[in-house]
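Presented below is the structure to which this report refers.
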Amino acid sequence: MDIPSKYEPQQVENHWYDYWMKHNYFQSIPDEREPYTIVIPPPNVTGVLHMGHMLNNTIQDVLIRRARLKGKNACWVPGTDHASIATEAKVVAKLKEQGINKSDITREEFLGHAWEWTHEYGGFILEQLKKLGCSCDWKRTAFTMDDNMSEAVIKVFVDLHNKGKIYRGYRMVNWDPEAKTTLSDEEVIYEEKQGLLYYLSYQVEGLNEKVTIATTRPETILGDTAICINPNDDRYAHLKGKKAIVPICNRVIPIIEDEYVDMEFGTGCLKVTPAHDINDMELGKKHGLETIDIFNEDATLNSFGLHYEGKDRFEVRNAISKELEEQGFLVKTEQYINKVGTSERTKAVIEPRLSDQWFLEMEDLVKPAIKAVLEDNEVKLFPKKFENTYRHWMENIRDWNISRQLWWGHQIPAYYFGDGQEDFVVAENMDEALNKARKKSGNPDLSMAGLKQDEDVLDTWFSAWLWPISLFNGILEPNNKEIEYYYPTNDLVTGPDILFFWVARMIIAGYEFRNKPPFKNVYLTGLVRDTHRRKMSKSLGNSPDALQLIKNYGADGVRVGLLLSSAAGNDLMFDENLCQQGKNFANKIWNGFRLVNGWEVSDLQQPEASKLGIEWYTSKFNQTLIEIEDHFDKYRISDALMATYKLVWDDYSSWLLEIIKPAYQQPIDKTTHDAVLQLFEQNLKLLHPFMPFLTEEVWQHIDDRAPEQALIVAQWPTILAVDESLVQGFEFAAEVISGIRTIRKEKNIPLKEALNLSVLNTEKVSENWDTIICKLANISVINYVEATVDSALSFRVKSNEYFIPISGTIDVEAEINKIREELKYTKGFLVSVQRKLSNERFVNNAPEQVISVERKKEADALAKIETLEKSLASLV
RNA sequence: GGGCUCUUAGCUCAGUUGGUUCAGAGCACCUGCCUUACAAGCAGGGGGUCGAAGGUUCGAAUCCUUCAGGGCCCACCA
């Protein structure tokens, strides 16, 4: 045999990937077939493949390949996301390495560097997906900053602005001092941090008394503009209308009253810093307080920080607490755990900050998206539990801050012609802007030079939310053939961490701009963790190198490894052992092929065992196919794989192949050979979505195939009738075979030594199976007997008793004990069944089917007890 | 603080509306085999009071209550 006994993935994978590409099997163009569409969750253009991507994209590829085999027009659109904040941070860092500060170069120069970076590294991650076997339509590869994508974003912005849903406002927003930009609420991650609660005393003006407040942020006292007490708090009643003096800066501030203050917390006195806390801002507005912003944009202190000017806020916190202590203002400190907002991307501690930003009003936009998921089921979430999370977020949604103080992204199409709050227009391009601006300003002589475009860019998700639409150019050309054909797409596969960022917003956009959902099903995968349940991360160094894994186990092995333990929505503990299991499975299939391939075919009569074996496996295959389809329908991909795995490994390899295997160096009959090859091919089709490379390789080894007969475009098996009696009969026969093997094992009788078998038959079983039993257990003859057999080892299947006469003495004592054990167990079982059946309430209340099952159990047990007792009698 | 969710074999998890062989699977483990497709393999085997306590029911891993311990999401309490 010249085919190696081990499957070598490395040599195979590139070859078939190129082959598929060459014959355009990944490519989709609209035709009369039913479309099946997936849009990829676009990874960060400068990112590298991590385990989360591997899992997501494997699942997507399984779904798309299965759809392709099912004859659908399968279209998987790949692409990348410009990820403005993450990419900009990387570019800034890279420039810094080269000694260039972002603040020293122009916007155009910076964008030049960013594009350079994008062109250099962008698409790298897509190349990695190819190694994994992903069958994306690469001709459609898109980028969120492609011209048409950008145009769509701008058009949508203008449209929403015209509808009055986008507005500009001076609000308190989340400020990332490191990236120097605002963030949406969703980009802020709250983390519990151990900190200190500082008790500070303020001198009350005109009284020889101090008032003590509690704060976690002593540095902000420099921005204090009031002290607030609860009007119902008797302890402080005498302070009403008085003023207090802020330590260090000695500013005199009013003592105000508001029921917002929790009398139980701290001292019941609150310092109010409207510029640096959302609640304080509300209080400030309500009570007409002054707002003093003490921070620069990088969260160092400005001139209001006095002698701390230019120093970072955390540095100042330490320093000022010392100064306060020295001057006697610090009463005490307490350990305190509080939630600190951090930037999802830069991890910097977020500062609430007042600034001019752009917002999208969400209240109305959200309504159809809520209905679609929770009432109409137009979009289904898998697992379903995420619908609750979705509902909660959607029903409590707040306006979306869509502007970012970055350069890398879609620049906001607002143009200013003056300094007034309303001196701007929103337009799709400069010409239009100029026209609008001339009208609005009433100045017909306004020139291009007099217009200044907003410096900010849009939140990355403001382009990503259009992804399923804009990929098919559905915004710019709403009636084009592609969008009509591919939209709504079918399945979206992504992680639950971006349910709000992306999934929910795509649904919103889908209804707003197409009046249809962007997809029908959302499959939310779990997070990939390591075997210690730790999240995979670069800093922990516990994230394996994806390409190295593929090298070690083959792409198919890695795919199987990932899928085996990834029930939807459950985190998956990634363990390389699972990849090894996948690799082993690939080798198993490979060798299954080698065996069948190595047989010499001859024009013989088909043995009875082979005929029956083939018939049985055909039924078993179809029965399993029904299961597999059901698993897929429920997005239980790992269960679908496991069912396939067991079918191929256990039923096909361990049973069927052994049943039909000809004696050593004997030829096989043509009928059986043809049939088994055909069944093997059916197996390969079921396996192909999971293990595309190996299966295509084997497929092409079986036969020389024309390109259009490649496995990737073969036809998925249709479900045929299942003969239940065959399946059950086989199970019985398998138990008999196991029984014989157990005895062989216990008594150390090698398989090579043929045995005789006698059967005391009370259970009606078709004798057809005898040929198979003989072959697999090496039985020379099966005798049907009327009485128990002496000097034999015995075992029972259901109520049949089987005897293997052996030469030499048998251990009678051991046989008796074995039978007594079985008898004891069966009697106990019978008692419990009879107890149930004699319970009137059971008989009256339980459904007929349940009762008849119990009666059957009773009869079986009685019959078995009878045989056991007879055997026992013959031995004693 | 509000909501959701989980706890089943050594590990990772199935267990659909309470009722067939429902106490399961894969891996791991133990034993014996280098048998001629595959030692990346074959055959056989052990292993769980279904987190705890109550309750409903003829019947509970499954439904209800309480408790213990995880996880996730949301929320402006200094």
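The values are calculated or read from the model by the stated rules, or taken from the named source; none is laboratory data. Not measured: the values here are computed from a predicted model. So basically every Cβ, Gly included, is an ideal-geometry build from the backbone, and we count neighbours across all protein chains shown. Note: areas computed on protein heavy atoms with side chains; ligands, DNA, RNA excluded. Shrake-Rupley method; radii C 1.70, N 1.55, O 1.52, S 1.80 Å.
Around A:Phe143, which amide H atoms from residues at least 5 apart in sequence, or from another chain, sit under 5 Å from its own amide H, with H modelled in the peptide plane?
A:Thr80
Take the cross-link list A:Lys72/A:Lys130; A:Lys165/A:Lys367; A:Lys193/A:Lys385; A:Lys165/A:Lys520 and give me the ones stretching past 24 Å between alpha-carbons.
With Cα atoms farther than 24 Å apart: A:Lys193/A:Lys385; A:Lys165/A:Lys520.
Along the charge dipole of chain A, Cβ charges K/R +1 and D/E -1, which of A:Val331, A:Tyr308, A:Trp467 sits furthest on the positive end?
The listed residue farthest towards the positive side: A:Val331.
Charges at C-beta only: +1 for Lys and Arg, -1 for Asp and Glu. How large is the resulting dipole of the stretch A:205-362 about its Cα centre, in Debye rounded to 20?
That gives the stretch A:205-362 a dipole magnitude of about 260 debye.
Enumerate the calculated ³J(HN,Hα) couplings along the stretch A:35-42 in order (Karplus 6.51 cos²θ - 1.76 cosθ + 1.60, θ = phi - 60°), each rounded to whole Hz, writing x wherever the residue is Gly or Pro.
x, 9, 10, 10, 9, 6, x, x
Could you run the Karplus curve 6.51 cos²θ - 1.76 cosθ + 1.60 with θ = phi - 60° over the stretch A:479-494 and give me ³J(HN,Hα) per residue in whole Hz, x for Gly and Pro?
Coupling constants for the stretch A:479-494: 10, 6, 4, 5, 5, 5, 7, 8, 9, x, 6, 8, 10, 10, 10, 7 Hz.
On a 0 to 90° scale, report how tilted helix A:386-395 is relative to the longest principal axis of chain A, with both axes built from alpha carbons and the result rounded to the nearest 10.
In chain A, helix A:386-395 runs at an angle near 20 degrees to the longest axis.
Could you give the size of the charge dipole of the stretch A:27-112 about its Cα centre, using +1 on the Cβ of each K and R and -1 on the Cβ of each D and E, expressed in debye and rounded to the nearest 20?
Roughly 380 debye, rounded to the nearest 20.
Apply the Karplus parameterisation 6.51 cos²θ - 1.76 cosθ + 1.60, with θ equal to phi minus 60°, to every residue of the stretch A:196-204 and state each ³J(HN,Hα) to the nearest whole Hz, in sequence, with x for glycine and proline.
Karplus-based 3J(HN,Hα) across the stretch A:196-204 equals 10, 9, 9, 9, 10, 9, 10, 6, 8 Hz.
Kindly provide the helix-only [θ] at 222 nm of chain A, computed as the sum of -39,500 (n - 2.57) over DSSP H runs of four or more divided by all residues, to the nearest 500 deg cm²/dmol?
-13500 deg cm²/dmol
Expressed as a whole percent, how much of the Cα-Cα distance distribution for the stretch A:353-502 exceeds 25 Å?
47 percent
Starting from the coordinates of the alpha-carbon atoms of the stretch A:647-708, obtain the Kirkwood hydrodynamic radius over all distinct pairs and give the value in Å to one decimal.
12.9 Å
Just tell me which lysines come within less than 19 Å, Cα to Cα, of A:Lys286; anything on the same chain fewer than 8 places away is out.
A:Lys240, A:Lys242, A:Lys243, A:Lys271
Defining a contact as two alpha carbons under 8 Å apart and six or more residues distant in sequence, what relative contact order in percent does the stretch A:192-332 show?
Averaging sequence separation for qualifying contacts and normalising by length gives 26 percent for the stretch A:192-332.
Accessible area of chain A with a 1.4 Å probe: how many percent of it is carbon plus sulfur?
C and S fraction of accessible area: 48 percent.
Counting only residues 5 or more places away or on other chains, whose amide H sits under 5 Å from the amide H of A:Cys269 once H atoms are built in the peptide plane?
Amide H neighbours of A:Cys269, under 5 Å, 5+ apart: A:Ala214.
Rounded, prolate or oblate: pick one for the stretch A:347-411, where a ≥ b ≥ c are the square roots of the eigenvalues of its C-alpha gyration tensor, a/c under 1.5 means rounded, and failing that, prolate if a/b is larger than b/c, else oblate.
In terms of gyration-tensor shape, prolate.
Taking every alpha carbon pair in the stretch A:818-876, what does the distance histogram look like in 10 angstrom bins from 0, in percent?
In whole percents, the pair-distance histogram is 22, 44, 22, 10, 1.
Roughly speaking, what % of Cα-Cα pairs in the stretch A:20-134 are separated by over 26 Å, rounded to a whole number?
Percentage above 26 Å: 36.
How much solvent-accessible surface does A:Arg217 expose, in Å² to the nearest 10, with a 1.4 Å probe and all protein chains in place?
50 Å²
For chain A, taking Cα atoms only, what is the radius of gyration to one decimal and the Dmax to the nearest whole Å?
In Å, with Rg to one decimal and Dmax whole: 37.1, 120.
Relative to the Cα centre, what is the charge dipole magnitude of the stretch A:557-671, using +1 at the beta carbon of each Lys and Arg, -1 at the beta carbon of each Asp and Glu, and rounding to the nearest 20 debye?
Dipole of the stretch A:557-671, to the nearest 20 debye: 260 debye.
Can you tell me the order of A:270-279, A:712-721 when each peptide is scored by its average per-residue count of other Cβ atoms within 10 angstrom, highest first?
A:270-279, A:712-721
Which of the listed residues, A:Asn490, A:Ser447, A:Asn479, is farthest toward the dipole's positive end in the stretch A:426-504, when Lys, Arg count +1 and Asp, Glu count -1 at the beta-carbon?
A:Ser447
On alpha-carbon atoms, Rg over Rh for the stretch A:160-218 using Kirkwood Rh?
1.23
With a 1.4 Å probe and every protein chain left in place, work out the accessible area per residue of chain A in Å², rounded to a whole number.
Result: 45 Å² per residue.
List every residue whose amide H lies under 5 Å from the amide H of A:Gly195, counting only residues 5 or more places away in sequence or on a different chain, with H placed 1.01 Å from N in the peptide plane.
For A:Gly195, whose amide H was placed from the backbone, the distant partners under 5 Å are A:Tyr336, A:Ile337, A:Asn338.
Highest first, please rank the peptides A:172-184, A:240-252 by the mean number of other Cβ atoms sitting within 10 Å of their residues.
Peptide ranking by packing, descending: A:172-184, A:240-252.
Can you give the Rg and Dmax of the stretch A:674-759 based on its C-alpha atoms, in angstrom?
Considering the stretch A:674-759 through its Cα atoms, Rg and Dmax are 19.6, 55 Å.
Using a basic spin-label model with each label point 7 Å from the Cα along Cα→Cβ, how many nm lie between A:Gln605 and A:Leu306?
11.1 nm
Can you give the direction-averaged projected area of the convex hull of the alpha-carbon atoms in the stretch A:564-617, in nm²?
6.1 nm²
Among A:Leu677, A:Thr106, A:Gly164, which residue has its Cα furthest toward the positive end of the charge dipole of chain A, with +1 on Lys/Arg Cβ and -1 on Asp/Glu Cβ?
Toward the positive end, the furthest listed residue is A:Leu677.
Run the numbers on the stretch A:396-518 and let me know its relative contact order in percent, using alpha-carbon pairs under 8 Å that are six or more apart.
RCO, the stretch A:396-518: 24 percent.
How big, in percent, is the set of alpha carbon pairs in the stretch A:90-169 lying more than 21 Å apart?
56 percent
Quote the relative contact order of the stretch A:741-837 in percent (integer), defining contacts as alpha-carbon pairs under 8 Å separated by 6+ residues.
In percent, rounded to a whole number, it is 26.
Give me log10 I(q)/I(0) at q = 0.16, 0.22 Å⁻¹ for the stretch A:509-610, Debye formula, one equal scatterer per alpha-carbon, no solvent.
Taking Cα atoms of the stretch A:509-610 as identical point scatterers yields -0.82, -1.12.
Could you work out the mean projected area of the convex hull around the alpha carbons of the stretch A:182-320, in square nanometres to one decimal?
9.1 nm²
Could you work out the Kirkwood radius for the stretch A:452-579, taking every pair of different alpha carbons, averaging 1/r and inverting it, reported in Å?
When all Cα pairs of the stretch A:452-579 are included, the Kirkwood radius is 17.2 Å.
So how tilted is helix A:848-875 from the main axis of chain A? Cα-based, degrees 0 to 90, rounded to 10.
50 degrees
Kindly express, to the nearest 10 degrees and within the range 0 to 90, the angle between helix A:278-287's C-alpha long axis and the longest C-alpha principal axis of chain A.
Long axis of A:278-287 versus the principal axis of chain A: about 40 degrees.
Using only alpha-carbon positions, what ratio does the radius of gyration of the stretch A:759-876 give when scaled by 2.2 N^0.38 Å?
1.27
Just how much of A:Tyr390 is accessible, in Å², when a 1.4 Å probe is used and the result is rounded to the nearest 10?
Surface open to solvent at A:Tyr390 totals about 0 Å².
If we restrict to alpha carbons, what Rg and Dmax does the stretch A:552-646 come to, in Å?
Expressed in Å, the Cα Rg and Dmax of the stretch A:552-646 come to 17.1, 55.
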